Amino acid sequence: MRLNKAYWQQRYEARKTGWDMGMVSPPLAAYIDQLTEKNLRILLPGAGMGYEAVYLAEAGFKALTVLDIAPYPLESLKERLPASFAAENLVEADFFDFKEGPFDLVLEHTFFCALPPELRPEYVLTMNALLRPGGKLAGLLFDFPLTPQGPPFGGSKEEYEQLFTPYFHIRVLERATNSIPPRQGSELFFIFEKK
C-alpha cells in the first residue's frame with residue numbers, strides 16, 4: 001500500500017498535519033549548524049512544509065533539492081524560501097520514482113516513518129541509489145513500537161540496524177537529547193554512511 005499524492009494533498013489541505021512542528025527540528029538544526037561545506041548536494045525527501053530547507057537556504061547552502069509527492073507544501077515553501085532559491089529545485093514527485101543524484105547528504109525527518117512499513121526495504125535501496133559512495137543519510141527516526149495506526153508507523157533501533165546495515169555504515173544511532181518536549185524519548189538521531 002502506498003499513501004499516494006491524493007492522500008497527502010488532502011492531509012495538507014485539511015490541516016491534518018500533527019507531525020508539523022512549525023519550525024526546524026532542533027536536532028536537525030544542530031546537525032546542520034556543524035556542516036561547513038556549503039556546496040554539499042543535499043536532498044530533503046518527503047520534505048513537507050520544508051522548515052529544514054528554509055534553514056539550510058538561509059544558512060547559505062547552495063545545492064538543495066526539496067522533494068514531496070504533494071504540491072501543497074511545495075507551493076507554501078516557494079513563499080518562504082529566499083528569492084535566490086531556484087524553483088526547479090522544488091520537485092513534486094514520488095520518492096520511489098525519483099532518479100536524480102548522486103547526493104552528498106540526504107536529510108530525513110518523519111518521511112521514513114510515514115511510509116507503510118512494507119516499503120522500508122525499498123526506501124533503503126532507493127537511498128542507497130541516490131547517495132554517492134561515502135554519502136550520508138542523516139536525521140531523525142521515531143522510536144516507538146511499530147503500529148498499523150500510522151502514519152507515523154513507528155519503529156525501533158534494532159529494526160533500523162537490521163534494515164540499513166547491508167548498505168550503510170551506522171556512524172550514529174542514538175536517542176536525540178534535544179527533541180521538542182512532545183517528542184522527548186521517541187526520536188533517534190542517526191548518521192548512516194553509504195558503503
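Values quoted throughout were computed directly from the atomic coordinates according to the rules given, and no laboratory measurement underlies them. Only a predicted model underlies this, so the values are computations on that prediction, with no experimental measurement involved. Cβ placement follows ideal geometry from the backbone for every residue including glycine, while neighbour counts extend to all protein chains displayed.
Of all DSSP-defined beta bridges confined to the chain, some 50% are antiparallel rather than parallel. Placing pseudo-labels 7 Å out from each Cα toward the beta carbon at residue 177 and residue 83 gives an inter-label distance of 4.2 nm.
Normalised by the number of residues in the chain, the mean separation of alpha-carbon contacts (under 8 Å, six or more apart) gives a relative contact order of 19 percent. Coupling constants for the stretch 165-172 follow from the phi torsions by the Karplus curve (6.51 cos²θ - 1.76 cosθ + 1.60, θ = phi - 60°), and in residue order they are 4, x, 10, 9, 7, 7, 7, 9 Hz; glycine and proline get x.
When Rg and Dmax of the Cα atoms in Å is computed from the coordinates, the matching label among (1) 15.5, 43; (2) 19.8, 67; (3) 19.0, 79 is (1). Taken about its Cα centre, the chain carries a charge dipole of roughly 100 debye when the Cβ of each Lys and Arg holds +1 and the Cβ of each Asp and Glu holds -1. Across the stretch 107-112, computed HN-Hα scalar couplings (Karplus, 6.51 cos²θ - 1.76 cosθ + 1.60, θ = phi - 60°) run 9, 10, 8, 6, 5, 3 Hz from first to last residue, x flagging Gly and Pro.
What's the ranking of 53-65, 138-150 by average number of surrounding C-beta atoms within 10 Å, highest first? It would help to have the intermediate numbers written out before the result.
On the way: 53-65: 18.5, 138-150: 16.8.
Averaged packing, sorted descending, gives the order 53-65, 138-150.
For the cross-link pairs 136/157; 62/136; 62/157; 157/195; 99/157, the ones whose C-alpha atoms lie over 22 Å apart are 62/157; 99/157. Each Lys and Arg contributes +1 and each Asp and Glu -1, all at the Cβ; summed about the Cα centre of the stretch 146-195, the dipole is approximately 120 debye. Look at the alpha carbon pairs under 8 Å that are at least 6 residues apart: their mean separation over the length of the stretch 119-171 gives a relative contact order of 33 percent. Between residue 34 and residue 159, residue separation times 0.36 nm minus the direct Cα-Cα distance comes to 42.2 nm.
For the chain, the 222 nm mean residue ellipticity estimated from helices alone, with every DSSP H stretch of n ≥ 4 adding -39500 (n - 2.57) and the total spread over all residues, rounds to -8000 deg cm²/dmol. Once backbone amide H atoms are built at 1.01 Å from N, residue 135 has 194 as its partners under 5 Å, excluding neighbours fewer than 5 places away on the same chain.
Relative contact order of the stretch 39-128, taken over Cα pairs closer than 8 Å and 6 or more residues apart, is 35 percent.
Rounded to two decimal places and with Rh computed the Kirkwood way over Cα pairs, what is Rg over Rh for the stretch 105-179?
0.93
Quick note on the stretch 57-161: its Rg to Rh ratio, both from C-alpha atoms and Rh being the Kirkwood radius, is 0.98. The string of couplings for the stretch 139-153 from the Karplus curve (6.51, -1.76, 1.60, θ = phi - 60°) is x, 10, 10, 6, 10, 8, x, 4, 9, x, 8, x, x, x, 9 Hz, one whole number per residue in order, with x for Gly and Pro.
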